[in-house]
């Protein structure tokens, strides 16, 4: 039993130290994100870093091809099991860092990050080189200083900000 606990802690820890700890998007904010994205069935959704997989399933339920990139073996396996149990063919999970991912297929990108937990220069280069015009970027909580938001969703002072950008 101790071995199983050690393996689970190690697998979660590997994802946390190599990128950031798991911090899920608030459940009540999922619909706000979808509303801001205003997706259509031809969109392709990439969740580059949000701490959990719920948005991938939310977009996939709306017939949007959706991807999540994960470097923690534990969370990757968990997502694959959930996908199998829900039979959702639009949800896709890749065991890799988004830094090593070609993002040019995406038409909607979601991120949940802070400046001190991500290499913003590397992300900026990736976005500027890899995205086509009209790609929507949604940033949860943190603004992207080198982009100008086209909309900021903050219903009241107690809610978290959600920023919408367009390339």
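Nothing in this text is a laboratory measurement; each read-out follows from the coordinates by a stated rule. Because the structure is a prediction, the values reported are computed rather than measured.
Observations on the structure shown:
- Counting every C-alpha pair in the stretch 116-167, the share spaced more than 13 angstrom apart comes to 61%.
- Gain in span if fully extended, residue 125 to residue 104, counting 0.36 nm per residue against the direct Cα distance: 6.3 nm
- Taking the stretch 53-167 and dividing mean pair separation by its residue count, relative contact order in percent (alpha carbons under 8 Å, at least six apart): 20 percent
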